[in-house]
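Scroll down for the structure; my scribbles are underneath it.
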Amino acid sequence: MRIFSGIQPTGRKHLGNYIGAIRQYVHLQDEGDPAIYCVVDLHATTIAYEPAELRRQLYDTTAILLASGLDPARCILFRQSDIPQHTELTWMLAATATAHGDLNRMTQFKEKSAVQRELVSAGLFFYPVLMAADILAYGTDLVPVGDDQRQHLELAREIASKFNSRFSDTFIVPEGRIPDVGARIMDLQNPDKKMSTTASTEAGTIFVLDEPKAIEKKIKSAVTDSGSEVRRGEGKAGISNLIEILAVVKGVSMERIETEFADSRYGDFKTAVAQAVVEYLAPVQAKYAELRDDEAELEAILADGAAKASAIAAPIVAAARDKMGLGRPVA
Ligand code: AQP
């Protein structure tokens, strides 16, 4: 089973990214044939950014992935812009298998374009096509993602099917793997919205590299309801989010957390969540500190990953190009 997923080099990855995606990447790395993980720097250029900052954040994200347990000997880890097939296939898919109307329906584009101050780029509109190209270029069977990528993944499947029916079977139509628990970690200050790199407040977002004190402060000031019972339910989005976080972090069910804290008040429960999250992230933070400064080593890992990724993507994209009638005919 071939596994592929991409993550943006936004540097300060948050607890939602960790629980919804990175945790799955690590679990799945031995199930993939191979498991391929891509730091999607081209996607990060679709909103305002600084080039030097992008490079720095790419190393931050790469080091977080390695510190979380990705092992370059057991998976392929590479940088998207090192493989030109991603951009080439984006055009091929956009031109022949992507409906403008489908891109118009994408909620992420609507949300992100609404908050751009200077330029709503065509790249932001094309973001889901680039994501489809990322996935399809590797003959991917399974895509581990958080819930916010459900719509984009569905479109990638639609694009693969359209291309296949027009040009004959070329791409595998991939399945998504969205975790049962922790697929949508919510903003601590606004628990009706997902925890997000670009749309959340600092206080509502726990970053993987946050100091223990900051984590405690953010969890203790998390917005809850006026009740007092530690259980999920209507009007209890804040407490439900904390229950979900604690369940994932402790590796137990949400029911078990509700039973364990049935007699606790919100304050004590929040203290327990904060302590558990601090302990959960501590080993990642320690390993990150060891790895981050050796940029030459990070580059070497990415270069090795790019060579392996290229060997997979090049023939798949060449076959698609040939079927489209582009370039010199393949004998
Ligand atoms: N709140 C979340 N809960 C669970 N999973 C999440 N993911 C994102 N937010 C949550 C998953 O993390 C993976 C990598 O995401 P990304 O950094 O490439 O960008 P994103 O999906 O656009 O989410 P971000 O990081 O919060 O950025 P913005 O602010 O741009 O939306 C994906 O698998 C995603 O599902």
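The values are calculated or read from the model by the stated rules, or taken from the named source; none is laboratory data. None of these values were measured; they are calculated from a predicted model. Positions of Cβ are backbone-derived with ideal geometry, glycine not excepted, and every protein chain shown enters the neighbour counts. Surface accessibility is based on the protein's heavy atoms, side chains included, excluding ligands, DNA and RNA. Shrake-Rupley method; radii C 1.70, N 1.55, O 1.52, S 1.80 Å.
Overview of values
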| item | result |
| --- | --- |
| Test for THR46: is it part of a loop (DSSP other than H, G, I, E, B), surrounded by 20 or more Cβ atoms within 10 Å (Cβ to Cβ), on the phi < 0 side of the Ramachandran plot and of a type in the set (Val, Ile, Thr) | yes |
| Residues of the stretch 294-331 classified as loosely packed, with under 13 Cβ neighbours inside 10 Å and of a type in the set (Lys, Arg), total | 1 |
| Selected residue (criterion: nearest to the ligand (Cβ to nearest atom)) from residues of the stretch 12-43 that are within 12 Å of the chain's Cα centre (by Cα) and either surrounded by fewer than 21 Cβ atoms within 10 Å (Cβ to Cβ) or among the polar types (S, T, N, Q) (or both) | ASN17 |
| Where a residue in the stretch 2-17 is under 20 Å from LEU281 (Cα atoms) and assigned by TED's automatic domain parsing to the domain that holds LEU42 and its partner, wherever it lies, is small (Gly, Ala, Ser) and more than 6 Å from the ligand (Cβ to nearest atom), with Cβ under 7 Å and at least six apart | GLN8/ALA44; PRO9/ALA44; THR10/ALA44 |
| Residues located in the stretch 125-152, provided they are within 15 Å of THR98 (Cα to Cα) and open to solvent by 10 Å² or more (accessible area, probe 1.4 Å) | PHE125, PHE126, TYR127, LEU130, MET131, GLN151 |
| Test set (1) assigned by TED's automatic domain parsing to the domain that holds GLU111; (2) within 28 Å of GLU255 (Cβ to Cβ) - LYS220 fails condition number | (1) |
| Options VAL115, VAL143, VAL120; residue that is within 11 Å of the ligand (Cβ to nearest atom), over 22 Å from GLY20 (Cα atoms) and in the same structural domain as TYR25 (by TED's automatic domain parsing) | VAL115 |
| Restricting the stretch 195-243 to residues that are open to solvent by 40 Å² or more (accessible area, probe 1.4 Å) and either within 15 Å of the ligand (Cβ to nearest atom) or on the phi > 0 side of the Ramachandran plot (or both), the residue that is modelled with the lowest pLDDT | ALA199 |
| Failed condition for SER81, given (1) open to solvent by 20 Å² or more (accessible area, probe 1.4 Å); (2) within 13 Å of the ligand (Cβ to nearest atom); (3) not in a loop (DSSP other than H, G, I, E, B) | (2) |
| Flag if ILE64 is in contact (Cβ under 8 Å) with a residue 12 or more places away in the chain and within 16 Å of the ligand (Cβ to nearest atom) | yes |
| Selected residue (only one of LYS162, LYS250 is open to solvent by 20 Å² or more (accessible area, probe 1.4 Å), at pLDDT 95 or above and under 30 Å from ASP322 (Cα atoms)) | LYS162 |
